[in-house]
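Structure, as structure tokens:
The values are calculated or read from the model by the stated rules, or taken from the named source; none is laboratory data. Quick caveat: nothing in here was measured; it's all calculated off a predicted structure. Cβ coordinates were reconstructed from backbone atoms using ideal geometry, including for glycine residues, and neighbour counts include every protein chain displayed. What goes into the accessible areas is simple: the full protein's heavy atoms, side chains included, and nothing from ligands, DNA or RNA. Shrake-Rupley method; radii C 1.70, N 1.55, O 1.52, S 1.80 Å.
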Amino acid sequence: LAKYYGTLDLNDFDLATWTDNNKLGNITFTSQLLKSEGLTLETINATGKATIKSFTFKGHDYQNVNLDGQLQKNYFNGKLAVKEEYIDLDFDGAIDFVDSIPKFDFKADIRTVDLQGLNLMSQEAKNYAFSGKVDVVGKGKDLSTMEGTAKASSLEILHNNIDNYLLDSFYIYSNLDANNTRTLDIDSDILEADL
């Protein structure tokens, strides 16, 4: 029955030491909880917003990430926006943890994601940058149990800052039947496959 509200700010907090994960670095953020209640996943109903001023992951320092969301009884609904040189996107989605298998529904407007710039690919590898609109609805704990649909439109892939590939639309449907047999359908401008 606890009810609470307030702010939490961290300044240059060492996530690597706290989590024992050297892929993480320091984080600085401000956050605010608004009219929240409940202290367990079964009773919580919390609404909040946060601005991550800086956050280091795999050596890249993310700047000015804005989060806004609500957590209510194993259900999270929120928005994320980030705008910088190597990543510029808006994300709006929900995750439902009520059942043992999480369900998710999200949309993303990706103006750019540069994998090498974010240190998600080695500097020796060929670089890829993406932009487009993505819509994903499905369920699953990991890639091997994933079911659902993913749609991308106006998808642009930039390879090594030279080759540019444009796809009007890209659609993937994945399903597992009672025998754990996977059906995978892919439909796009350049590829159609039923597996």
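A few points about this structure:
- Of the listed requirements (1) in a loop (DSSP other than H, G, I, E, B); (2) open to solvent by 40 Å² or more (accessible area, probe 1.4 Å), Phe76 misses just one: (1).
- Taking residues in segment 56-71 that are free of Cβ contacts under 8 Å to residues at least 24 places away in the same chain, and partners anywhere that are part of a loop (DSSP other than H, G, I, E, B), the pairs with Cβ atoms closer than 8 Å and at least 6 places apart or on different chains are Gln63/Glu84; Asn64/Glu84.
- Hits in segment 87-114 (condition: among the small types (Gly, Ala, Ser) and open to solvent by 60 Å² or more (accessible area, probe 1.4 Å)): Ser100
- Filtered residues of segment 23-55 (kept if open to solvent by 40 Å² or more (accessible area, probe 1.4 Å) and within 23 Å of Asp114 (Cβ to Cβ)): Lys23, Asn26, Thr51, Lys53, Phe55
- Any pair with Cβ under 7 angstrom, 6 or more apart, that starts in segment 3-16 at a residue that is within 14 Å of Thr47 (Cβ to Cβ) and ends at one that is loosely packed, with under 13 Cβ neighbours inside 10 Å and not β-branched (Val, Ile, Thr): Tyr5/Leu34; Tyr5/Lys35
- For segment 155-166, the criterion of a residue being open to solvent by 50 Å² or more (accessible area, probe 1.4 Å), farther than 23 Å from Asp90 by Cα, of a type in the set (A, V, I, L, M) and out of contact with any Gly (no Cβ under 9 Å at 6 or more places or on another chain) is satisfied by at least one position.
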